[in-house]
Amino acid sequence: MNDQSPWSFVVASDDTFKMMAEGLQRSSSEHDVHQSPIYQEVVRHLGPNRTVLDIGAGVGRFSVPLAQDSCRITAVEPSEEMRTRLSQALRDTNQFDRVHIIDQAWPTSTPLTAEVALAAFVIQFAPDPIAFVRAMEQSCTRRCILAIHVDALFSQFAPLWEEFPDIPTPPLMPVFSNLYPKLLEAGIVTDVQIIEESHGPQFRDPAQVLSMLTHRLKIQDNPQAQVKLSQWLENHREQWTQPASTRSALLSWAPNHS
Ligand SMILES: C[S@@+](CC[C@H](N)C(=O)[O-])C[C@H]1O[C@@H](n2cnc3c(N)ncnc32)[C@H](O)[C@@H]1O
């Protein structure tokens, strides 16, 4: 995993990736992705070749149903954990031949092209969001589509940092309010739609959450702090196991090739 941005460095532990992959798989099984405005926006802009570049494809939440709907996909995915699950999902659905998986981070070293370039919930990892978006524009002929979190993930753990005043607060996840002004400054003006999705608890397994937060707090070698963290999680269980609803921004625009 390419972890050059402060945020991607924070979330790049194996446990966090496993948790993220499990969350995406749950989302795939709990929701009919065909009803998702993100999916519908991709389909609306397909051309005659029905080609899609799925940047940061994850476990295939969009790639698999798009392939089932007879699209040809190039799925760019740097994480081995995600690629393994994506390949399995493609085998399970007999769609392996429709999806070409590239094991690189975006922007890739080799040029890729498709009618539609989609990056759903990926740009927050990019060290240079404008370079990320410009490369999307160069790679698609018809439409660029970005989904960006409006509400930061992990915000339910924000009070935790007050319990550990000696530990520097980790960087916050970049969200729509941070990223969209940068796009505007770069002259990239897009259609914007705010979408809301309700889902079950994002965090379920206490051992996984403990491990993920131990990594975030960098207290792997501090058993005393780990006990304190474990107690905090136990005492605040209700707070972090609540079902939630999250808002996202769907950005869509015609690529500028000038
Ligand atoms: C939150 S997941 C979203 C997955 C998928 N787009 C979806 O919405 O279901 C983010 C994915 O982006 C990938 N990723 C992170 N940085 C990336 C980069 N620079 N280029 C491509 N993918 C990246 C991660 O490995 C992860 O699979």
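Neighbour counts of other C-beta atoms within 10 Å: give me ASP103, ASP97 arranged from fewest to most.
The fewest-first ordering by Cβ neighbours comes to ASP97, ASP103.
Can you compute the modelled spin-label distance between ARG44 and ALA131, with each label point 7 Å from Cα toward Cβ, in nm?
3.2
Given contacts defined as C-alpha pairs under 8 Å and at least six residues apart, what's the relative contact order of the chain, whole-number percent?
About 22 percent, as a whole number.
Most exposed first by the Cβ proxy, i.e. fewest other Cβ within 10 Å, how do LEU172, LEU213 rank?
Ascending Cβ contact count within 10 Å gives the list LEU172, LEU213.
Can you sort LEU66, LEU86 from fewest to most other Cβ atoms within 10 Å of each residue's own Cβ?
Fewest-to-most ranking of LEU66, LEU86: LEU86, LEU66.
Which Cα, out of THR190, ALA225, LEU210, lies furthest along the positive dipole direction of the stretch 174-252 (beta carbon charges, K/R +1, D/E -1)?
ALA225
By a straight-distance test (C-alpha under 23 Å), which lysines pair with LYS218 as possible cross-link partners, with residues fewer than eight away in the same chain excluded?
Here the lysines satisfying the reach criterion relative to LYS218 are LYS18, LYS228.
Can you give me the distance in nm between label points at SER258 and ILE195, each placed 7 Å from the Cα along the Cα-to-Cβ direction?
Each label point lies 7 Å from its Cα, and together they span 3.0 nm.
Once fully extended, how much extra length lies between THR110 and GLU22, figured as 0.36 nm per residue of separation less the alpha-carbon to alpha-carbon distance?
28.7 nm
Work out from phi, with θ = phi - 60° and the Karplus expression 6.51 cos²θ - 1.76 cosθ + 1.60, the ³J(HN,Hα) of each residue of the stretch 144-151, listed in order in whole Hz, and give x for Gly and Pro.
10, 10, 10, 10, 10, 5, 8, 9
Mind putting a number on the dipole of the chain about its Cα centre? Charges go on the C-beta only, +1 for Lys and Arg and -1 for Asp and Glu, and I need it in Debye to the nearest 20.
Rounded to the nearest 20 debye, it is 540 debye.
Rule-based calculations on the coordinates, nothing more; no lab input. A quick note: this is a predicted structure, and the numbers were derived from the prediction, not measured. Methodologically, a virtual Cβ is constructed for each residue, glycine included, from the backbone with ideal geometry; neighbour enumeration extends over all protein chains shown.
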